[in-house]
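One structure is given below, encoded as structure tokens.
The values are calculated or read from the model by the stated rules, or taken from the named source; none is laboratory data. Because the structure is a prediction, the values reported are computed rather than measured. Every residue, glycine as well, gets a Cβ built from its backbone with ideal geometry; the counts of neighbours run over all protein chains shown. Ligands, DNA and RNA are excluded from the accessible area calculation, which covers all protein heavy atoms including side chains. Shrake-Rupley method; radii C 1.70, N 1.55, O 1.52, S 1.80 Å.
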Amino acid sequence: MDVFRKILKWALVILIVLSLICTIIGFFLSRQYRPILAKTLKKAVLSSSKGLYHLEFEDLDIRPLLGKVSLLNVKLIADTNVYKQLQREENAPQTIYTIKIEFIQIRGINQWNYFQNKTLAIENIIIHRPHVKILKNQLVVQKKNHIKKDLYDIISPIFKETVVSSIKATEGSVFYELINTKSQKSYLKANNFSLLVDGLRLNKPSEEDTSRLFYSDNIRFIVNHYQLRLPDSLNTIKFDQLQLSTQDSSILVTNFNLQPRFEQYLYAKAAGKQTDRLDLKIDSSNVRGIHFRTLLFDEKLIIEQADFSGLQLYAFRDKRVPMKNEKAKVLVHELLKNTTFPILVQYATIRNSRVDYEEFAPKGISPGTIFFSSLNAQFKNITNNESAEQKNMLVNVSSYFMGVGELKTEFIFPISKSDHTFRVTGSLGRMDLRVVNKAVESLAMVKLKTGRVNHLDFDIKANNIRSSIKMKFLYSNLVVTVLDPETGEKKGLASTLLNALILDSDNPLTGKAPRKANATFARNQQKQIFNFLWKTLYQGIKRSIGIDQEDENKLKKLSDKYAKKSRQKNKTERKREQKLKRAQYDL
């Protein structure tokens, strides 16, 4: 037993002495190698960047026996004088970086690998609070024979191979500025991001490996609680979290929100013109099959599938605010075709969603509202590639109009830039027409007393200027009440004349074949596609219920006549009230 205690005692003494010796050696090596390593790092950065970048740091701590290196307050800064000189020589890169890092810790450095075969092997790198500024200036001219050095070419004189098991960056921020060839500036900013890199391996074979992006098995980029005020100062973009994974080729965004900064009746005034106020929320946006390599190196966006769940769009327009004389608006699908940036979204869906549109008419008493609930949509072959095998973009939408009428619609848009004719077909199932009073009472100054849709089919062909529609609208027991635009009260005589002399109460009428309507509509060039289609449908509905252009003119004259009488009546009543007030004052 005594022998065992003596052995244990001496073992502990030897271990303590060895630990002290290692600590002293480590401290001595740290003191000896710190200035050498600092000088080597700074020289390597300066040399590899041709003097463009220089490295600064406040403190460097080396623990060679533990394979650990720490740097405090690190800065990578571009020399503006050198950059201007490179620009004059047409050798300057279009992208420059400014990086500031509060703290870097490198752990598990295998020094023997370096001495044996010049391999840098590291277990993990921790980067705390990196702040990155990126400026890409497409106006910077480069020589035609300008050769871009890849990362391996830069570091190969120092390391034949670099292997890092994991890299973790936390509490970071990035600011990206792009100056395009037209001198237009755009910005992107992200705060509170995390970056996780797994399995980084940089060697000669890795340059040819297209299966790994940026020499890594996986890169995960996470942004939490993001908020960005858009350049128009009218709207803010927010989301709870964004997750990007290069291994899964995916981006997942939760609780996205395009949020107006002004309430609905102040928004157009803040914009200085009549415009749509959009409040958009999406519970989950899942984009998969993103070709990151193609996007970053070939500048082409290819997405295999995108799914948007729980989308809610509330749109409001106050037509009491004057319009501005603006240029003609290009329809959405034409914008895509004219985009120089190649885009392909093979398949996309919208599920369990809802769209509300509210409008305050110029002389309205209150806003009118329509909505589409239980909305689901499928998008196929959304692209601007004219050489694609499929020559059309397809969109299929199903929803319940005003929550009750089953509405199915198909959109067919040609991909060819020379073909501007698109087609929209659809059908509406059975519904009580009185549910649309929320819209027509304010927007058309009529009220549907009774009426029922039995079935409605439509076929629209349109281009950027004009549309034509074929419609078969089967309905029954249609009775309409005309409302006074000044007071919102019923116009008895006008209602009687409209129902008795103009409108057809049923389609088909007793003993007759169902009527089919044909109509055309000239697009307002300042309005977008949804306004264009709605006005086209409205023309078809009017023709279907028996209102032709001559009837419209009669109704307008009748409405103007009643409006004039109403104004005269109100004027007479105001004068009577003023006389009564003066008489009471004299007494």
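Residue count for the range 355-381 under the criterion of being over 16 Å from N392 (Cα atoms) and within 18 Å of the chain's Cα centre (by Cα): the result is 2.
Answer with yes or no whether I350 is at pLDDT 95 or above, of a type in the set (A, V, I, L, M) and more than 18 Å from W534 (Cβ to Cβ). Considered against the rule, which asks whether it is at pLDDT 95 or above, of a type in the set (A, V, I, L, M) and more than 18 Å from W534 (Cβ to Cβ), I350 comes out as yes.
Within the range 347-391, the set of residues being within 14 Å of A306 (Cβ to Cβ) and of a type in the set (A, V, I, L, M) comprises A348, I350, A377, I382.
Mind listing whichever residues of the range 431-457 are among the acidic types (D, E) and free of Cβ contacts under 8 Å to residues at least 40 places away in the same chain? Hits for the range 431-457 are D432, D457. Looking only at the range 176-212, residues that are within 23 Å of L228 (Cα to Cα) and either under 19 Å from the mean Cα position of the chain (by Cα) or open to solvent by less than 100 Å² (accessible area, probe 1.4 Å) (or both) come to 17 in all.
Of everything in the range 441-475, what is of a type in the set (V, I, T) and touching a Gly at 6+ places or on another chain (Cβ under 7 Å)? Give them in sequence order. The answer is V453, I469.
Looking at (1) more than 27 Å from Q525 (Cα to Cα); (2) under 17 Å from the mean Cα position of the chain (by Cα), which is the one condition that is false for N352? Here N352 meets the rest and fails (2). Collect the residues in the range 434-475 that are over 31 Å from the mean Cα position of the chain (by Cα), among the hydrophobic types (A, V, I, L, M, F, W, C) and closer than 30 Å to S418 by Cα, keeping them in residue-number order. Those that are over 31 Å from the mean Cα position of the chain (by Cα), among the hydrophobic types (A, V, I, L, M, F, W, C) and closer than 30 Å to S418 by Cα: F458, I469, M471. Counting only residues that are closer than 15 Å to S284 by Cα and polar (S, T, N, Q), the range 217-246 holds 3 of them.
Evaluating K75 against the criteria (1) farther than 15 Å from I127 by Cα; (2) charged (D, E, K, R); (3) modelled with pLDDT of 90 or more leaves one unmet condition, (1). Might you let me know whether the range 108-126 holds any residue that is crowded, with 17+ Cβ neighbours inside 10 Å, over 25 Å from K160 (Cβ atoms) and either touching a Ser or Thr at 6+ places or on another chain (Cβ under 8 Å) or modelled with pLDDT of 85 or more (or both)? Looking for residues that are crowded, with 17+ Cβ neighbours inside 10 Å, over 25 Å from K160 (Cβ atoms) and either touching a Ser or Thr at 6+ places or on another chain (Cβ under 8 Å) or modelled with pLDDT of 85 or more (or both), one finds none in the range 108-126, hence no.
Taking the range 536-550 as the search range and keeping residues that are surrounded by fewer than 16 Cβ atoms within 10 Å (Cβ to Cβ) and assigned to a helix (DSSP H, G or I), which one is modelled with the highest pLDDT? Across the range 536-550, the extreme among qualifying residues is Y538.
Can N396 be described as out of contact with any helix residue (DSSP H, G or I) (no Cβ under 6 Å at 6 or more places or on another chain) and modelled with pLDDT of 95 or more? Yes, satisfied.
The residues in the range 322-342 that are open to solvent by less than 40 Å² (accessible area, probe 1.4 Å) and either within 23 Å of N286 (Cα to Cα) or without any contact (Cβ under 8 Å) to a residue 60 or more places away in the chain (or both) can be counted, and the count is 2.
Looking only at the range 428-446, residues that are within 22 Å of L407 (Cα to Cα) and in a strand (DSSP E or B) come to 3 in all.
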